[in-house]
1. Here are Ile106, Ile116: which of them is of a type in the set (A, V, I, L, M, F, W, C), modelled with pLDDT of 95 or more and either under 11 Å from the mean Cα position of the chain (by Cα) or within 10 Å of the ligand (Cβ to nearest atom) (or both)?
2. Yes or no: Gly172 in contact with a Pro (Cβ under 6 Å, 6 or more places away or on another chain) and of a type in the set (Gly, Ala, Ser)?
3. Return the residue satisfying two criteria in turn: it lies in the range 175-200 and is closer than 25 Å to Asp76 by Cβ and not in a loop (DSSP other than H, G, I, E, B), and of such residues it is farthest from the ligand (Cβ to nearest atom).
4. Please indicate, with yes or no, whether at least one residue in the range 147-163 is without any contact (Cβ under 8 Å) to a residue 24 or more places away in the chain, of a type in the set (Ser, Thr, Tyr) and not in a strand (DSSP E or B).
5. Taking the range 119-137, which residues are at pLDDT below 95 and either open to solvent by 20 Å² or more (accessible area, probe 1.4 Å) or touching a helix residue (DSSP H, G or I) at 6+ places or on another chain (Cβ under 7 Å) (or both)?
6. Before we move on, is Gly172 open to solvent by less than 60 Å² (accessible area, probe 1.4 Å) and outside any strand (DSSP E or B)?
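The values are calculated or read from the model by the stated rules, or taken from the named source; none is laboratory data. Predicted model only: the values in this text are computed from it and were never measured. Positions of Cβ are generated from backbone atoms using ideal geometry, with glycine treated the same way; all protein chains shown enter the neighbour counts. Calculation scope for accessible area: heavy atoms of the full protein, side chains included, ligands and nucleic acids excluded. Shrake-Rupley method; radii C 1.70, N 1.55, O 1.52, S 1.80 Å.
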Amino acid sequence: VDTPISGRAIGAAPVKVAGEPRWRGGAGRAGQLMPFDQFIAASRRTRSATTSPSPLTTRHQPQALAPLDADLGTLDEYLTRDPGMMWMGPAGTFTPLHFDLTNNLIVQVVGAKRVIMSPPSQTPKLYNHRHVFSAVHDITDEARLNHYPRARSAQTIEVDLEAGDILFMPIGWWHQVTALDFSVSLTYTNFRWPNEGSASFPTD
Ligand SMILES: O=C(O)CCC(=O)C(=O)O
(Lines give C-alpha, C1' and ligand atoms only; values in the text may rest on other atoms or scores of the structure.)
Protein backbone atom coordinates (compact mmCIF):
# COMPACT_ATOMS: atom_id res chain seq x y z
CA VAL A 1 0.00 0.00 0.00
CA ASP A 2 1.35 3.40 -0.95
CA THR A 3 1.46 5.62 2.09
CA PRO A 4 3.17 8.81 1.02
CA ILE A 5 3.80 9.85 4.60
CA SER A 6 6.61 8.35 6.61
CA GLY A 7 5.70 9.51 10.08
CA ARG A 8 9.26 10.77 10.57
CA ALA A 9 8.33 14.46 10.89
CA ILE A 10 5.84 13.73 13.64
CA GLY A 11 7.39 10.68 15.27
CA ALA A 12 5.50 9.15 18.17
CA ALA A 13 3.44 12.22 19.14
CA PRO A 14 0.04 10.99 20.38
CA VAL A 15 -2.94 11.58 18.10
CA LYS A 16 -6.53 10.51 18.45
CA VAL A 17 -8.37 7.84 16.48
CA ALA A 18 -11.70 9.43 15.54
CA GLY A 19 -15.11 8.80 16.89
CA GLU A 20 -16.77 7.15 19.77
CA PRO A 21 -16.98 3.36 20.02
CA ARG A 22 -20.82 3.36 20.10
CA TRP A 23 -20.95 5.20 16.83
CA ARG A 24 -18.20 3.53 14.84
CA GLY A 25 -19.03 -0.15 14.82
CA GLY A 26 -16.06 -2.31 13.91
CA ALA A 27 -13.53 0.46 14.24
CA GLY A 28 -11.64 -1.13 17.11
CA ARG A 29 -9.41 1.69 18.19
CA ALA A 30 -11.99 4.49 17.96
CA GLY A 31 -11.56 7.14 20.59
CA GLN A 32 -8.06 6.00 21.61
CA LEU A 33 -4.85 7.96 21.58
CA MET A 34 -2.07 6.30 19.65
CA PRO A 35 1.47 7.25 18.59
CA PHE A 36 1.42 8.78 15.10
CA ASP A 37 4.18 6.54 13.75
CA GLN A 38 2.23 3.43 14.85
CA PHE A 39 -0.88 4.71 13.07
CA ILE A 40 1.09 5.18 9.85
CA ALA A 41 2.61 1.70 10.17
CA ALA A 42 -0.88 0.24 10.70
CA SER A 43 -2.15 2.17 7.64
CA ARG A 44 0.57 0.53 5.55
CA ARG A 45 -0.56 -2.91 6.69
CA THR A 46 -4.21 -2.24 5.78
CA ARG A 47 -4.65 -3.81 2.35
CA SER A 48 -8.38 -4.09 2.08
CA ALA A 49 -11.15 -1.55 1.90
CA THR A 50 -13.37 -3.95 3.80
CA THR A 51 -11.78 -3.39 7.19
CA SER A 52 -13.42 0.04 7.56
CA PRO A 53 -10.86 1.61 9.87
CA SER A 54 -11.58 4.88 11.61
CA PRO A 55 -9.83 8.02 10.46
CA LEU A 56 -7.16 9.55 12.57
CA THR A 57 -7.98 13.06 13.67
CA THR A 58 -6.16 15.64 15.63
CA ARG A 59 -9.08 17.40 17.28
CA HIS A 60 -7.47 17.19 20.70
CA GLN A 61 -3.81 17.28 19.72
CA PRO A 62 -3.44 20.05 17.12
CA GLN A 63 0.11 20.66 18.30
CA ALA A 64 1.12 17.08 17.39
CA LEU A 65 0.95 17.85 13.67
CA ALA A 66 2.41 21.36 13.90
CA PRO A 67 5.58 20.24 12.05
CA LEU A 68 3.41 19.86 8.93
CA ASP A 69 2.00 23.42 9.11
CA ALA A 70 4.70 24.82 6.85
CA ASP A 71 3.48 22.48 4.07
CA LEU A 72 0.01 24.04 4.08
CA GLY A 73 -1.18 27.17 2.36
CA THR A 74 -3.77 29.59 3.72
CA LEU A 75 -7.24 30.67 2.58
CA ASP A 76 -7.20 34.16 4.04
CA GLU A 77 -10.25 35.30 2.10
CA TYR A 78 -12.40 32.77 3.97
CA LEU A 79 -10.59 31.47 7.05
CA THR A 80 -8.68 32.75 10.04
CA ARG A 81 -5.24 31.20 10.58
CA ASP A 82 -6.43 28.74 13.26
CA PRO A 83 -5.38 25.16 12.55
CA GLY A 84 -7.79 22.84 10.76
CA MET A 85 -8.50 19.30 11.80
CA MET A 86 -6.52 16.65 9.94
CA TRP A 87 -8.20 13.38 8.88
CA MET A 88 -5.97 10.57 7.76
CA GLY A 89 -6.29 6.89 6.98
CA PRO A 90 -5.81 4.07 4.49
CA ALA A 91 -8.24 3.22 1.67
CA GLY A 92 -11.56 2.16 3.15
CA THR A 93 -11.37 4.50 6.12
CA PHE A 94 -14.97 5.42 6.80
CA THR A 95 -16.81 8.21 8.61
CA PRO A 96 -20.48 7.27 9.04
CA LEU A 97 -23.50 9.36 8.06
CA HIS A 98 -23.90 12.45 10.25
CA PHE A 99 -24.24 16.21 10.00
CA ASP A 100 -22.24 18.97 11.64
CA LEU A 101 -23.35 21.93 13.72
CA THR A 102 -21.05 24.25 11.79
CA ASN A 103 -20.38 25.01 8.15
CA ASN A 104 -17.30 23.11 7.13
CA LEU A 105 -14.64 23.26 4.40
CA ILE A 106 -13.23 19.84 3.51
CA VAL A 107 -9.81 20.23 1.87
CA GLN A 108 -8.39 17.14 0.16
CA VAL A 109 -4.59 17.09 0.34
CA VAL A 110 -3.43 13.52 -0.42
CA GLY A 111 -5.36 10.74 -2.20
CA ALA A 112 -9.08 10.69 -2.94
CA LYS A 113 -12.26 10.50 -0.92
CA ARG A 114 -15.90 9.76 -1.77
CA VAL A 115 -18.38 12.04 -0.01
CA ILE A 116 -22.09 11.19 -0.10
CA MET A 117 -24.19 14.19 0.94
CA SER A 118 -27.88 14.61 1.61
CA PRO A 119 -29.72 17.86 2.31
CA PRO A 120 -31.43 18.58 5.65
CA SER A 121 -34.82 18.15 3.94
CA GLN A 122 -34.11 14.39 3.87
CA THR A 123 -33.82 14.07 7.66
CA PRO A 124 -37.21 12.29 8.00
CA LYS A 125 -35.77 9.46 5.86
CA LEU A 126 -32.47 9.19 7.70
CA TYR A 127 -33.44 7.80 11.12
CA ASN A 128 -31.93 10.60 13.17
CA HIS A 129 -32.66 9.10 16.60
CA ARG A 130 -29.59 10.45 18.35
CA HIS A 131 -27.91 13.86 18.21
CA VAL A 132 -26.27 14.43 14.78
CA PHE A 133 -26.06 10.73 13.83
CA SER A 134 -28.06 8.56 11.45
CA ALA A 135 -28.91 5.00 12.49
CA VAL A 136 -28.45 4.12 8.79
CA HIS A 137 -24.67 4.54 9.29
CA ASP A 138 -23.81 3.70 5.65
CA ILE A 139 -26.36 4.59 2.99
CA THR A 140 -24.62 2.34 0.43
CA ASP A 141 -24.95 -0.80 2.56
CA GLU A 142 -27.82 -3.04 1.35
CA ALA A 143 -28.21 -4.75 4.71
CA ARG A 144 -28.59 -1.39 6.45
CA LEU A 145 -31.05 -0.22 3.80
CA ASN A 146 -33.16 -3.34 4.33
CA HIS A 147 -33.29 -2.41 8.00
CA TYR A 148 -33.93 1.32 7.39
CA PRO A 149 -36.00 1.27 4.17
CA ARG A 150 -37.00 4.96 4.07
CA ALA A 151 -33.33 5.77 3.43
CA ARG A 152 -33.55 4.10 -0.01
CA SER A 153 -35.47 7.08 -1.36
CA ALA A 154 -33.37 9.77 0.32
CA GLN A 155 -31.96 12.26 -2.16
CA THR A 156 -28.15 12.02 -2.24
CA ILE A 157 -25.27 13.70 -4.05
CA GLU A 158 -22.03 11.79 -4.51
CA VAL A 159 -18.78 13.71 -4.93
CA ASP A 160 -15.27 12.31 -5.34
CA LEU A 161 -12.63 14.66 -3.99
CA GLU A 162 -9.09 14.49 -5.33
CA ALA A 163 -5.97 16.17 -4.02
CA GLY A 164 -6.42 19.93 -4.41
CA ASP A 165 -10.24 19.86 -4.27
CA ILE A 166 -12.19 21.77 -1.60
CA LEU A 167 -15.81 21.03 -0.73
CA PHE A 168 -18.07 23.38 1.24
CA MET A 169 -20.32 21.32 3.51
CA PRO A 170 -23.19 23.50 4.72
CA ILE A 171 -24.32 23.23 8.34
CA GLY A 172 -26.95 20.52 8.80
CA TRP A 173 -26.16 18.65 5.57
CA TRP A 174 -25.82 14.91 6.06
CA HIS A 175 -22.58 13.34 4.87
CA GLN A 176 -20.61 10.12 4.99
CA VAL A 177 -17.01 9.87 3.84
CA THR A 178 -14.95 6.95 2.49
CA ALA A 179 -11.25 7.16 1.63
CA LEU A 180 -10.59 5.69 -1.83
CA ASP A 181 -6.79 5.73 -1.34
CA PHE A 182 -4.50 6.50 1.56
CA SER A 183 -5.97 9.91 2.26
CA VAL A 184 -5.15 13.09 4.12
CA SER A 185 -7.67 15.89 4.34
CA LEU A 186 -8.18 18.91 6.52
CA THR A 187 -11.47 20.33 7.68
CA TYR A 188 -11.89 23.94 8.65
CA THR A 189 -14.73 25.60 10.56
CA ASN A 190 -12.86 28.82 11.43
CA PHE A 191 -14.53 31.05 8.87
CA ARG A 192 -14.13 34.80 9.17
CA TRP A 193 -17.88 34.94 9.91
CA PRO A 194 -19.90 33.53 12.82
CA ASN A 195 -20.20 29.76 12.39
CA GLU A 196 -21.69 28.02 15.37
CA GLY A 197 -24.95 26.07 15.47
CA SER A 198 -24.42 23.94 18.54
CA ALA A 199 -25.61 26.41 21.21
CA SER A 200 -29.26 25.95 20.28
CA PHE A 201 -29.05 22.23 19.38
CA PRO A 202 -30.03 19.49 21.88
CA THR A 203 -26.96 17.53 23.08
CA ASP A 204 -28.44 14.03 22.73
O1 LIG B 1 -13.09 13.17 6.20
C2 LIG B 1 -13.70 12.48 7.01
O3 LIG B 1 -13.48 11.25 7.16
C4 LIG B 1 -14.78 13.05 7.83
C5 LIG B 1 -14.93 14.54 7.74
C6 LIG B 1 -16.25 14.90 8.34
O7 LIG B 1 -17.19 14.16 8.27
C8 LIG B 1 -16.46 16.17 9.02
O9 LIG B 1 -15.56 16.98 9.09
O10 LIG B 1 -17.58 16.35 9.54
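1. Being of a type in the set (A, V, I, L, M, F, W, C), modelled with pLDDT of 95 or more and either under 11 Å from the mean Cα position of the chain (by Cα) or within 10 Å of the ligand (Cβ to nearest atom) (or both) holds for just one of Ile106, Ile116, which is Ile106.
2. Judged against the criteria, Gly172 is a match.
3. Phe191
4. The answer is yes, given that some residue of the range 147-163 is without any contact (Cβ under 8 Å) to a residue 24 or more places away in the chain, of a type in the set (Ser, Thr, Tyr) and not in a strand (DSSP E or B).
5. Scanning the range 119-137 gives His129, Arg130, His131, Phe133, His137.
6. yes
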